[in-house]
Amino acid sequence: MKRLDWPRRAALALGALLVLWGIADLFGLGGGPIPSVVHAAAGLAVGLSAANRDSLRRTGIAVGLLHLVAFALGVEGTGGAFDAGPVGNSLNLVAGLGCVALAVAGAWSQRRDAAERGEDGSEEGGGLSLDNRSRRGSRHARRSLRARRVRPKSPAHL
């Protein structure tokens with residue numbers, strides 16, 4: 001097994017903490033059976049997403065948004081279904097921000113490794129390039145070049 005970088009190790013740790021939070025909820029230390037299943041499933045998803053950085057990014061954003069929405073609904077509707085009390089709402093906020101931070105860190109780490117290897121990130125499934133059209137120009141720029149009857153330079157000559 002190859003060595004994991006720090007965002008993926010942090011994903012394993014956060015996943016384990018979310019699973020423990022779900023177990024604590026199940027045994028009466030929190031909201032009840034539904035939040036316990038949600039926290040345990042979110043913890044498993046985050047922990048399993050440490051397998052690769054693409055899944056870490058996607059899962060981190062999804063689970064982070066889930067917890068941030070639960071935090072917002074819990075704070076807004078005091079006494080409602082999503083209200084987990086001050087401690088539970090604070091934990092939802094921390095877990096949500098932590099998952100989003102893991103997603104960003106995973107993307108940063110993937111981009112850094114691609115730059116070290118000298119890749120542009122346009123390989124299949126990588127999707128690191130923000131705009132693959134940047135090397136050959138935007139559609140508007142190509143259209144204006146055609147209107148002026150100027151041939152664009154090939155990417156090798158740029």
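Here are the numbers:
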{"read-out": "Options 34, 61; residue that is of a type outside the set (Asp, Glu) and more than 20 Å from residue 97 (Cα to Cα)", "value": "34"}
{"read-out": "Residue within region 21-37 that is aliphatic (A, V, I, L, M), within 18 Å of the chain's Cα centre (by Cα) and open to solvent by less than 50 Å² (accessible area, probe 1.4 Å) present", "value": "no"}
{"read-out": "Filtered residues of region 73-99 (kept if part of a helix (DSSP H, G or I) and surrounded by fewer than 18 Cβ atoms within 10 Å (Cβ to Cβ))", "value": "73, 75, 76, 85, 86, 87, 90, 93, 94, 97"}
{"read-out": "Residue that is modelled with the lowest pLDDT, among those in region 1-15 that are over 15 Å from the mean Cα position of the chain (by Cα) and open to solvent by less than 50 Å² (accessible area, probe 1.4 Å)", "value": "4"}
{"read-out": "Some residue of region 31-54 being within 22 Å of residue 80 (Cα to Cα), at pLDDT below 90 and not in a helix (DSSP H, G or I)", "value": "yes"}
{"read-out": "Residue within region 39-51 that is more than 14 Å from residue 15 (Cα to Cα) and either surrounded by 19 or more Cβ atoms within 10 Å (Cβ to Cβ) or under 8 Å from the mean Cα position of the chain (by Cα) (or both) present", "value": "no"}
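The values are calculated or read from the model by the stated rules, or taken from the named source; none is laboratory data. Since the model is a prediction, treat every value here as computed from it, not as a measurement. Cβ atoms come from the backbone with ideal geometry, glycine included; neighbour counts cover every protein chain shown. For accessibility, only protein heavy atoms count, side chains too; no ligands or nucleic acids. Shrake-Rupley method; radii C 1.70, N 1.55, O 1.52, S 1.80 Å.
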